[in-house]
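**Student:** Before I ask anything, here is the structure I am working with.
Since every read-out is calculated from the coordinates, none of them should be taken as a lab result. This structure is a prediction, so every number in the text was calculated from the model and none was measured. Quick reminder, even Gly has a Cβ in these numbers, built from the backbone with ideal geometry, and neighbours come from all protein chains shown.
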């Protein structure tokens, strides 16, 4: 009924849980994780399928209605059938009550935190992701009861719903003068049902604003209520009028989103209720604190002003000071935040007269007292007194909060918190106080449950116990790597294996067992006896394997001694490995360092410096002095400079830190050196000062000077042998003219070449880019150091000139270059290029190549300057064949509409035979014409002042049409093509092309018609096609002309289509087809979207979102008399959707970005308001059991 009215609030039902990260080798990932058992309350919740919190709340209420539950369990398989026979032909299996029985049995007896409702929703016929849409719980209550009544026809339970929930309401007016009784107004209850369902109708519609809203005002309701004042039955016992509240369904959120949960009284005491404890009263927060903490909805000025007035405790606020109060208490100005949407604050108060009232002089505004709607003052007083009486007394039973999978105990006073606000009571369920439960039902979940369901739940519990045991074992199973000491040797400061494969024993072991158990398994796997060897913790380091602490207590568990997933243990004698005594512990841990020193034995050539780098391991207790001396192999003195750099830093950066002389005698551990750190040892007497630049304690290494490579190109097509290359030292502040001069000198070229050459960058494909200005620096010209520049003949363009590439046609091999003045016109530039290329005639025009190397639109403004048409230096122009039309004329490509549909609908009259005969004379293959593809006919040149009729007449002279005898232009239909698809009809034969915004180059499609046609601007041409009953396909489409002058609503379209097919309105269902997505959208009056920003009431228009109905759209029609399937998609659509899905997955795997999506989404602006998906109706499909 309400579609996506209540979108799920994720944090409300996910329980705040987070997934635990596990290692790659964890065995836990390989075992199915069982559902968790019931919690301390011993009650089971229901899993949320994405939007089924409303269903979960109602199902839990029905479960804890013992009379309903037991009446359902009393229906045996002999009446309902067996679920195993559901697919047998001719078998009448009442699936919905059977699945409801199974679900109730699981909730009562299966040891799991939450049960699944998938089987139940499948029995509803929800196969198109209906469970992901949330609906109104009141609507579900009505539909579910109706489905159960239909399912239980001709069984002993046929009147189950009627007995428990149906009552009779009578509306009466009594005349005090004559005593006449008129049953029209003032509702009375003629028959009181055992259970009373009350909906608080919190969701309403504002017809003035044309939008939905939620009533968040205070609705007080009692825990016990006496309905004698509202009943016609006066001869019953007093106890028969008493009702007790046992369920409150609560909605949290607004009218467009939220979450349902339910408070339920456990009548049979099936759960373990424990007091949740007293909550400390929270200090009242100011409005600004509420705003900071996100507890204040800034988009709801009504609730903000109500809060301000409530703080005044009845004294009210002066109207002229209300805006100032809003600014002081909330920090928001009414004029800046709300005036544009709601008008002045005084006008807003008047529009909400149901919430506020003003004094007679209008000077002060007050908050109206909350009052129960629909009750007079006496009834209100009665309910309030009942509420207070029941609140102060001890109510029987315990209350629980069922929030999807989570069930928690609550106190009775928590119900009063749901009287008002965004989280408030939505539906109430009362039961007669006289309904007493048998003593056998107390704390007995198996009471009245059928034996076959008890057996089924016991089998499920056994299966869950096994799953939990297997999972528990997998969760405690860890992998341990045992290294055998006899297969290791010690060198370079660490242990290394002889053979990487045979030296390690990999074990999967239960971490709950002891160290002694681990030893036994190790010796068993090795096939040897326990010889008293030590087990020592080991760790794999970059230097190799290092040992730490010994495992001494064999009685401790594996988990307690610190052995974890992937731990390494070393099995040895505890003293030595292959004759080498080892030191264990973190203080002797090896650190792998990079020791670097200048290689002074080699001469420095080409500006490069030779370094000698050595990787070596040192224990953490090694002195820095000893480590450096061991590497450089000379006596170390304090004159040496030592620099340190952290791992991951660039070698040639300034991140080198100098050690002081006192640091030489510190250990590696004291200096916090880690694996991969670098140590640079420099002899200051022999190092080149130009290569080492020191600033304080920081050192910068300059390995080689910056440079630019200049390559000489005698001409654009120079061979590799003719090119000469030289490196020129350069920096970012150097002028390019200086670089050019140095390159000419180094290349030994003529000095006069300086004024006749230029420097050009080279792209990755080897293409020469436009010349760079010689007066610019390297940085200003965007030239990167250590790149290559080309020295080419020709001068660089001046500041008033433009450098252009040009090609003839679409062949990039013909690319040439030209320099022109900025003031050159398009026409002059074309003439210059034609002269250079030697092309003759005037049937040429220019086009510009865009950034993705695609040829763009023609440059039509021939008298415009190049700069004005956005032609910049470096652009590429294309000399294209074809003369531009004169000013005021259009050149339009013309296509012929597929004639298959035309010949399928024309009668076999003389006119058809004549046209067929004339087509045959043109030597055109019938298959070519009727293939269903557009046929290109040629181009026409026509004035933009011409009419649509003129265009059709001129089109009749083109190939494919000029030899066909068409009576008049009214027998032709002209379309505008977009992406080779007809999208818009040129309507009104006397409308000028200029008025219709037809541009030169627009594709026109001409369609032959059976009869004359002259569509008006308000008429739409739709393709309607009736579905084939029982099959996923349609009959051929028919043209339908729909006049939208009066209205363009879903109802009007349904009436027009129903009239076309001679059916009544309730006998059809229609949907619009979106071929790009292979999707159908059902057209109904409920799919209208509401935009908050709209101030005035607008009628639904199908030409707007979400349908965007236009000419040529396909409308599918279902005849409900012969076709009960509401699915519109065809086999082709299913295949298309699957292909789109596969394409998306392929793109995701390749890591490619999608540059161009649907053209429609690219060109249209997204609405400011949130776009909500179309609302779906709520329905439950029930078989026929009469």
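**Student:** Can you tell me how much longer the chain between residue 198 and residue 564 gets when fully stretched, taken as 0.36 nm per residue apart minus their C-alpha distance, in nm with one decimal? Numbers along the way, then the final one.
**Tutor:** Details: separation 366, 0.36 × 366 = 131.76 nm, distance 5.78 nm.
Extra length available between residue 198 and residue 564 comes to 126.0 nm.
**Student:** For Cα pairs less than 8 Å apart in space and 6+ apart in sequence, what is the mean separation divided by the residue count of region 479-587, i.e. the relative contact order in percent?
**Tutor:** Details: 182 pairs, mean separation 40.5, N = 109.
Value for region 479-587: 37 percent.
**Student:** What shape does region 801-881 take by its C-alpha gyration tensor, where a ≥ b ≥ c are the square roots of the eigenvalues and a/c under 1.5 counts as rounded, a/b above b/c as prolate, and the rest as oblate? Before the final figure, lay out the partial values.
**Tutor:** On the way: a/c = 1.28, a/b = 1.08, b/c = 1.19.
Taking the square roots of the gyration eigenvalues as a ≥ b ≥ c, region 801-881 is rounded.
**Student:** What's the extension gain from residue 779 to residue 1149 if we count 0.36 nm per residue and subtract their Cα-Cα distance? Provide the component values of the computation, followed by the final result.
**Tutor:** Values: separation 370, 0.36 × 370 = 133.20 nm, distance 3.94 nm.
Gain in length upon complete extension: 129.3 nm.
**Student:** Rounded, prolate or oblate: pick one for region 972-1020, where a ≥ b ≥ c are the square roots of the eigenvalues of its C-alpha gyration tensor, a/c under 1.5 means rounded, and failing that, prolate if a/b is larger than b/c, else oblate. Could you put the intermediate results ahead of the total?
**Tutor:** Numbers: a/c = 1.81, a/b = 1.20, b/c = 1.52.
The shape class here is oblate.
**Student:** Arrange the peptides 72-84, 258-270, 852-864 so that the one whose residues have, on average, the most other Cβ atoms within 10 Å appears first.
**Tutor:** Numbers: 72-84: 15.5, 258-270: 22.6, 852-864: 13.1.
Highest mean packing first, the order is 258-270, 72-84, 852-864.
**Student:** While we're on this one: Tell me the label-point distance for the pair residue 351, residue 408, using the 7 Å Cα-to-Cβ offset, in nm and rounded to one decimal.
**Tutor:** Result for the modelled spin labels: 3.8 nm.
**Student:** Between residue 1120 and residue 670, what is the spin-label point distance in nm, taking each point 7 Å from the Cα along the Cα→C-beta axis?
**Tutor:** 9.1
**Student:** So what does log10 I(q)/I(0) come out to for region 707-793 at q = 0.11, 0.19, 0.24, 0.25 Å⁻¹, using the Debye formula with one equal point on every Cα and no solvent?
**Tutor:** The Debye formula, applied to the Cα set alone, gives -0.25, -0.78, -1.31, -1.43.
**Student:** Go ahead and run the numbers for FRET between residue 1179 and residue 79, Cβ-Cβ distance against an R0 of 25 Å, rounding to 0.05.
**Tutor:** Numbers: r = 25 Å, r/R0 = 1.00.
Calculated value: 0.50.
**Student:** Using a Förster distance of 35 Å, how high is the FRET efficiency between residue 983 and residue 1067, based on the Cβ-Cβ distance and rounded to 0.05?
**Tutor:** Details: r = 31 Å, r/R0 = 0.90.
For residue 983 and residue 1067, the calculated efficiency is 0.65.
**Student:** Moving to a separate point now. Give me the Å³ per residue figure for the convex hull around the C-alpha atoms of region 1021-1155.
**Tutor:** Values: hull volume 20.2 nm³, N = 135.
About 150 Å³ per residue, rounded to a whole number.
**Student:** Two decimals, Cα atoms only, Kirkwood Rh: what is Rg/Rh over region 479-587? Write out the running numbers ahead of the final one.
**Tutor:** Details: Rg = 13.2 Å, Rh = 14.2 Å.
Here Rg/Rh amounts to 0.93.
**Student:** Something else now. Would you mind ranking 38, 431, 981, 764 so that the residue whose beta carbon has the fewest other beta carbons within 10 Å leads the list? List each step's numbers first, then the result.
**Tutor:** Values: 38 18, 431 21, 981 13, 764 5.
Lowest to highest Cβ neighbour count: 764, 981, 38, 431.
**Student:** With both partners inside region 1021-1155, how many of the DSSP beta bridges are antiparallel, as a percent to the nearest 5?
**Tutor:** 80
**Student:** Then there's this: Where does region 36-164 land on the Kirkwood hydrodynamic radius, alpha-carbon pairs, in angstrom?
**Tutor:** Working: mean 1/r = 0.0647 Å⁻¹.
One over the average 1/r among Cα pairs gives 15.5 Å for region 36-164.
**Student:** What ranking do 659-672, 140-153 get when scored by the average of other Cβ atoms within 10 Å per residue, highest first?
**Tutor:** Details: 659-672: 14.3, 140-153: 18.2.
Result, highest mean Cβ count within 10 Å first: 140-153, 659-672.
**Student:** At a 10 Å Cβ-Cβ cut-off, how would you order 139, 1104, fewest neighbours first?
**Tutor:** Values: 139 16, 1104 13.
Lowest count first: 1104, 139.
**Student:** Would you mind computing, in nm to one decimal, how far apart the modelled labels at residue 516 and residue 210 are, each placed 7 Å from Cα along Cα→Cβ?
**Tutor:** The answer from the label model is 8.5 nm.
**Student:** On a full-extension model of 0.36 nm per residue, what is the gain between residue 658 and residue 557, subtracting their alpha-carbon distance, rounded to one decimal in nm? Mind dumping the intermediate values first?
**Tutor:** On the way: separation 101, 0.36 × 101 = 36.36 nm, distance 4.91 nm.
Full extension from residue 658 to residue 557 adds 31.5 nm.
**Student:** Applying 1/(1 + (r/R0)^6) with R0 = 51 Å to the Cβ-Cβ distance of residue 755 and residue 933, what FRET efficiency is obtained, to the nearest 0.05? Please list the in-between numbers first.
**Tutor:** Numbers: r = 61 Å, r/R0 = 1.20.
Between residue 755 and residue 933 the formula returns 0.25.
**Student:** Here is a follow-up. Go through 336-346, 574-584 and give me the packing order, highest mean Cβ count within 10 Å leading.
**Tutor:** Working: 336-346: 14.6, 574-584: 12.9.
Ranked from most to least packed, the peptides come out as 336-346, 574-584.
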